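The values are calculated or read from the model by the stated rules, or taken from the named source; none is laboratory data. On a predicted model such as this, the values are computed, not experimentally measured, just so you know. Note: ideal-geometry Cβ built from the backbone for every residue, glycine included; neighbour counts use all protein chains shown. Protein only, heavy atoms only, side chains kept; ligands, DNA and RNA dropped before computing areas. Shrake-Rupley method; radii C 1.70, N 1.55, O 1.52, S 1.80 Å.
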Amino acid sequence: LPPHLQCLDLRGCTGLKQLPALPPALETLDFGGCTGLSQLPVQALPSLERLYLNGCVGLKAHTLAAFLEALRDSPIVELDVSEVPTVTSLDECPRRVLRKLVLIGCPKLTDVRLLGEFPALEHVNLGGCTALESLPALPPRLRFLVLHGANNLTSFLGQDIGPYDRGSEKQNVAK
């Protein structure tokens, strides 16, 4: 790949299995819907701001964790790992400047206790995260929160919540 490439959009390439080393100038990576993707390069990407792995159902937990860990110091402001069945927690998610986190339909996501440790986070979508049972304190800058479809979510800071509190589809319940 060209060393000065800033955007790589391979959305919907279902036959894509692995990636070569990525150029350090990349600002946007979109692998949404790359259902066959199973290998990611473990490398720092110092310019990466937007990462879309939504629908990459072939990613194993250790592969995703190692990739995200390598990006810990990247200036990522938007991360979408929706419908990735191996996502269970926020442990490896880059936190420093992340403003938008989309985790729609992650059926094994059970642990979001680190949510309050994302200082810049403004938008979180946990819709359809059916294994999620409780929410911790939320980030101070949070302005948009979607919980619709997280049907087992019954507790927020020790308080009971029900279907009305989780809102309807795409409804912002942060207000």
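Quick notes on this one:
- Surface accessible to a 1.4 Å probe, per residue, for the residues of the chain, Å²: 48 Å²
- DSSP bridge analysis restricted to the chain gives an antiparallel fraction near 10%, rounded to the nearest 5.
- The range 40-84 versus the range 128-166: alpha-carbon centroid distance in Å: 24 Å
- Accessible surface of the range 48-158, 1.4 Å probe: 50 percent of it comes from carbon and sulfur atoms.
- Helix 61-70 axis versus longest C-alpha principal axis of the chain: approximately 70°, rounded to the nearest ten.
- If R0 equals 41 Å, the separation of the Cβ atoms of S155 and Q6 corresponds to a calculated FRET efficiency of about 0.45.
- Contact order relative to length of the range 20-154, as percent, for alpha carbon pairs under 8 angstrom and 6 or more apart: 17 percent
- Under 21 Å between alpha carbons - lysine pairs in the chain that sit 8 or more apart or on different chains: 6
- Here, the chain yields an orientationally averaged convex hull projection of 9.0 nm² when only Cα atoms define the hull.
- Taking each DSSP H run with n ≥ 4 as -39500 (n - 2.57) and averaging over every residue of the chain yields -2000 deg cm²/dmol at 222 nm.
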